[in-house]
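Inspection log for the structure reproduced underneath, given as structure tokens.
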Amino acid sequence: MISNQIIQTSIDELKAITKVDLCVIDMEGLVVASTFDSRAISQELVISFVHSPADSQIVGGYHMLKVLEENEVLYVLVSKGQSTDAYMIGKVAVSQLQNLVIAYKEHFDKNNFFQNLLLDNLLLVDIYNRAKKLHIEPEIPRVVYLIEAQNDKDNISMEMLKNIFSEQPGCYLTAVEQKNIILIKDVSTMESYDEVEQTAQVIVDMLNAEAMLIAKVAYGAIVRELKEVSKSYKEAKMALDVGKIFYMEKSINAYNTLGIGRLIYQLPINLCRIYMKEVFGDNIPDDLDDEMLTTVQKFFDNNLNVSETSRQLFVHRNTLVYRIEKLHQSTGLDIRKFDDALTFKIALMVVNYMKYIDSLEG
């Protein structure tokens with residue numbers, strides 16, 4: 001329902017233009033908004049008018065008109081004065097309020113529709129029937145973005161995103177949980193995933209620069225039909241979770257670029273424990289210090305090149321070799337060999353996944 005403040009603003013603007021005082025009263029005879037002292041208008045008078053067959057009437061120096069929604073009385077509008085101008089301004093106000101009601105109802109219905117669509121709460125026939133009523137195109141390419149802004153206690157991120165996307169055709173913003181914002185975007189004008197990625201980067205940069213918020217954005221695959229939007233949402237949700245576990249340094253994660261992280265994320269936790277036991281026995285490397293982790297990561301980034309890694313870490317080659325040997329002794333894996341490096345890389349990711357699962361259970 002429209003807020004009282006919006007109705008008040010609307011009739012204030014009309015009063016400023018026309019100099020005619022207006023008042024809006026609900027079905028119980030209570031004043032919703034007014035530009036004048038309306039205490040002289042009794043509840044009994046309003047309720048009597050609501051139940052009368054007339055759409056308008058003059059009572060005690062006021063024009064009274066009904067604001068309808070689907071032929072049902074929603075409000076009574078009072079225009080002060082008995083002149084023709086007062087009546088005409090009253091009719092204009094009624095028209096404006098009825099259009100506001102339609103707009104807000106459609107917005108609410110669309111929000112409700114997309115929330116149920118994302119959560120798979122709609123039958124296939126309902127999806128297309130409701131989409132037709134809400135003027136939503138059923139067969140255009142769409143992608144779902146999931147935006148998480150840290151420490152956004154005042155919901156600034158939602159307002160900023162509305163400023164950018166609410167006016168763009170085919171873009172819908174909603175939320176099914178408090179901490180994440182969902183953007184469903186028409187991508188029919190985009191030619192590749194690179195452009196989808198650019199939109200995600202715009203969101204991250206804007207929230208960081210203008211609201212000083214650290215944001216993470218994930219998105220699913222492009223889907224061609226409305227019924228598949230929930231699939232893209234689930235993919236975006238997985239991408240956000242996988243990014244937090246395996247790619248913490250990245251602010252944007254796409255479902256179609258998750259790689260081995262997506263595979264590990266879908267493994268049963270008992271299989272992960274069996275794998276770790278087979279590889280390391282009782283010496284699972286879950287407590288490597290930051291220096292060793294940085295060394296290993298940089299070594300992997302440089303394709304197992306000792307010279308380049310030592311140069312980038314600003315350490316002597318022998319120091320780097322010593323660290324690798326130390327890791328070899330504690331784990332039994334020599335990461336200078338491709339097979340051992342691959343095993344250790346996967347093992348580190350599995351360890352992170354196990355810690356994540358343990359944190360959820362704790």
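The values are calculated or read from the model by the stated rules, or taken from the named source; none is laboratory data. Computed from a prediction, not measured in an experiment: that's the story for all the values here. Virtual Cβ from ideal backbone geometry, glycine too; neighbours counted across all protein chains shown. Side chains are part of the model used for accessible areas, which takes the heavy atoms of the whole protein and leaves out ligands, DNA and RNA. Shrake-Rupley method; radii C 1.70, N 1.55, O 1.52, S 1.80 Å.
Within segment 151-187, count every residue that is at pLDDT 90 or above, in a loop (DSSP other than H, G, I, E, B) and under 12 Å from the mean Cα position of the chain (by Cα).
Number satisfying all stated conditions: 1.
Only one of Lys19, Lys15 is at positive phi, more than 37 Å from the chain's Cα centre (by Cα), surrounded by fewer than 20 Cβ atoms within 10 Å (Cβ to Cβ) and at pLDDT 90 or above. Can you tell me which?
Details: Lys15 fails: at positive phi.
Unique residue meeting the criteria: Lys19.
Among the residues of segment 222-241, count how many are open to solvent by less than 20 Å² (accessible area, probe 1.4 Å), touching an Asp or Glu at 6+ places or on another chain (Cβ under 8 Å) and either closer than 21 Å to Glu191 by Cβ or not aliphatic (A, V, I, L, M) (or both).
1
So which of Val31, Val46, Val50, Val24 is free of Cβ contacts under 8 Å to residues at least 12 places away in the same chain and either touching a strand residue (DSSP E or B) at 6+ places or on another chain (Cβ under 6 Å) or not hydrophobic (A, V, I, L, M, F, W, C) (or both)?
Details: Val46 fails: free of Cβ contacts under 8 Å to residues at least 12 places away in the same chain; Val50 fails: free of Cβ contacts under 8 Å to residues at least 12 places away in the same chain; Val24 fails: free of Cβ contacts under 8 Å to residues at least 12 places away in the same chain.
That would be Val31, the only listed residue that is free of Cβ contacts under 8 Å to residues at least 12 places away in the same chain and either touching a strand residue (DSSP E or B) at 6+ places or on another chain (Cβ under 6 Å) or not hydrophobic (A, V, I, L, M, F, W, C) (or both).
Does at least one position in segment 69-87 carry a residue that is open to solvent by 50 Å² or more (accessible area, probe 1.4 Å), of a type in the set (S, T, N, Q) and touching a helix residue (DSSP H, G or I) at 6+ places or on another chain (Cβ under 7 Å)?
Looking through segment 69-87, none of the residues is open to solvent by 50 Å² or more (accessible area, probe 1.4 Å), of a type in the set (S, T, N, Q) and touching a helix residue (DSSP H, G or I) at 6+ places or on another chain (Cβ under 7 Å).
Go through segment 285-343 and report how many residues are outside any helix (DSSP H, G or I), open to solvent by less than 40 Å² (accessible area, probe 1.4 Å), more than 21 Å from Ile264 (Cα to Cα) and in contact (Cβ under 8 Å) with a residue 12 or more places away in the chain.
Of the residues in that region, 0 qualify.
Which pairs turn up if I take residues in segment 218-247 that are part of a helix (DSSP H, G or I) and look for partners that are open to solvent by 30 Å² or more (accessible area, probe 1.4 Å) and aliphatic (A, V, I, L, M) with beta carbon separation below 7 Å, at least 6 apart in sequence or on another chain?
These pairs meet every condition: Lys227/Leu124.
Taking the residues in segment 123-139 that are more than 20 Å from the chain's Cα centre (by Cα) and assigned to a loop (DSSP other than H, G, I, E, B) as candidates, determine which candidate is nearest to Ile222 (Cα to Cα).
Selected residue: Glu139.
So which of Lys162, Lys185 is surrounded by 17 or more Cβ atoms within 10 Å (Cβ to Cβ) and among the charged types (D, E, K, R)? Steps first, please.
Details: Lys162 fails: surrounded by 17 or more Cβ atoms within 10 Å (Cβ to Cβ).
Step by step, each of Lys162, Lys185 is checked, and only Lys185 is surrounded by 17 or more Cβ atoms within 10 Å (Cβ to Cβ) and among the charged types (D, E, K, R).
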